[in-house]
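Data first, discussion second: the structure below is written as structure tokens.
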Amino acid sequence: MKIPVCGMDPSLRNWGIAEALLDLESGILSTPKLSVIRPRDEEGTKKVRKNSLDLLRAEELAHAAMAAAERAKVIFVEVPVGSQSARAMASYGICVGVLGSIQAKGIEIIEVSPAENKKFFTGTKTASKKLMINTAMDLYPDANWPYQGKKVSEAQAEHMADAIAAIHAGVQTPVFQNLMRLLKATKE
């Protein structure tokens with residue numbers, strides 16, 4: 001039995017998404033369709049207040065993330081943790097709010113931490129962005145990676161790789177293992 005799944009790496013400016021089919025019998029993930037939600041950047045617009053821009057970005061993120069979530073049976077998310085500045089905290093709040101709106105629609109989210117993402121995907125919880133990207137590209141060379149000429153665009157690829165890793169880490173969680181048993185039972 002194959003089910004549609006979605007991995008997400010939330011960020012205010014680059015929200016990574018990986019959509020694929022997960023075979024519940026073999027545990028094999030199909031080549032994911034990758035995307036990055038990049039809200040319009042209107043920073044140079046002096047006539048628009050910062051909070052109005054944040055609201056616009058939140059709406060764009062929520063619309064695109066909700067559409068991806070509604071296409072999947074299970075969503076795995078690398079949930080952001082904390083922040084170092086007030087501006088980063090605003091970004092964190094928007095991302096968590098978008099995730100909360102997905103859950104409010106009754107869509108189950110399986111949460112993984114950044115450390116779990118790195119550990120399950122690369123074997124080390126201190127994996128660099130480059131290692132995350134290389135691991136994802138090695139596993140899924142046929143995915144629609146963003147290239148600029150012959151070189152992959154790391155700015156977008158890192159979020160795509162983290163979204164893939166969220167799926168890999170999420171299937172290891174007890175929450176997903178219980179859900180998988182239920183999905184298999186409804187098939188029978």
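The values are calculated or read from the model by the stated rules, or taken from the named source; none is laboratory data. Just so we're clear, the structure is a prediction, and the values are computed from it rather than from any experiment. Counting neighbours? That spans all protein chains shown, and the Cβs are built from the backbone with ideal geometry, glycine included.
Summed over the stretch 121-137, residues that are at pLDDT below 95 and either of a type in the set (Asp, Glu) or touching a His at 6+ places or on another chain (Cβ under 8 Å) (or both) total 0. Please specify each residue of the stretch 145-188 satisfying the condition of being of a type in the set (Asp, Glu) and over 19 Å from Asn117 (Cα atoms). Residue satisfying the conditions is Glu188 alone.
Leu131 satisfies every condition listed in (1) in contact with a Ser or Thr (Cβ under 8 Å, 6 or more places away or on another chain); (2) buried (at least 18 other Cβ atoms within 10 Å of the Cβ); (3) not acidic (Asp, Glu) except (2).
Rundown of residues vs (1) buried (at least 16 other Cβ atoms within 10 Å of the Cβ); (2) in contact with an Asp or Glu (Cβ under 6 Å, 6 or more places away or on another chain); (3) outside any loop (DSSP other than H, G, I, E, B); (4) of a type outside the set (S, T, N, Q), yes/no style:
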| residue | (1), (2), (3), (4) |
| --- | --- |
| Lys118 | yes, no, yes, yes |
| Phe121 | yes, no, yes, yes |
| Thr135 | yes, no, yes, no |
| Asp138 | no, no, yes, yes |
| Asn144 | no, no, no, no |
| Met160 | yes, no, yes, yes |
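Looking only at residues in the stretch 146-156 that are outside any loop (DSSP other than H, G, I, E, B) and touching a residue at least 24 places away in the same chain (Cβ under 8 Å), the one that is nearest to the chain's Cα centre (by Cα) is Gln156.
Taken together, the criteria exclude Glu60 from residues that are in contact (Cβ under 8 Å) with a residue 24 or more places away in the chain and either surrounded by 16 or more Cβ atoms within 10 Å (Cβ to Cβ) or farther than 30 Å from Thr186 by Cβ (or both).
Cβ separations smaller than 6 Å between residues 6+ apart or across chains give no pair from the stretch 91-118 residues that are charged (D, E, K, R) and at pLDDT below 95 to residues that are assigned to a helix (DSSP H, G or I) and surrounded by fewer than 16 Cβ atoms within 10 Å (Cβ to Cβ). The set of residues in the stretch 36-87 that are outside any loop (DSSP other than H, G, I, E, B) and either at pLDDT below 80 or basic (Lys, Arg) (or both) comprises Lys50, Asn51, Arg57, Arg87. Taking each residue of the stretch 164-187 that is small (Gly, Ala, Ser) and looking for partners that are assigned to a helix (DSSP H, G or I) and surrounded by fewer than 21 Cβ atoms within 10 Å (Cβ to Cβ) with beta-carbon atoms closer than 6 Å, six or more apart or interchain, yields Ala169/Glu116; Ala169/Phe120. Inspect all residues belonging to the stretch 98-105 and state whether any of them is of a type in the set (S, T, N, Q) and in a loop (DSSP other than H, G, I, E, B). No, the stretch 98-105 contains no residue that is of a type in the set (S, T, N, Q) and in a loop (DSSP other than H, G, I, E, B). Does Leu99 count as touching a strand residue (DSSP E or B) at 6+ places or on another chain (Cβ under 9 Å) and of a type outside the set (Asp, Glu)? Answer is yes for this residue. Could you tell me how many of the residues in the stretch 2-32 are touching a residue at least 60 places away in the same chain (Cβ under 8 Å), in contact with an Asp or Glu (Cβ under 9 Å, 6 or more places away or on another chain) and closer than 15 Å to Phe176 by Cα? Counting residues in the stretch 2-32 that are touching a residue at least 60 places away in the same chain (Cβ under 8 Å), in contact with an Asp or Glu (Cβ under 9 Å, 6 or more places away or on another chain) and closer than 15 Å to Phe176 by Cα gives 6.
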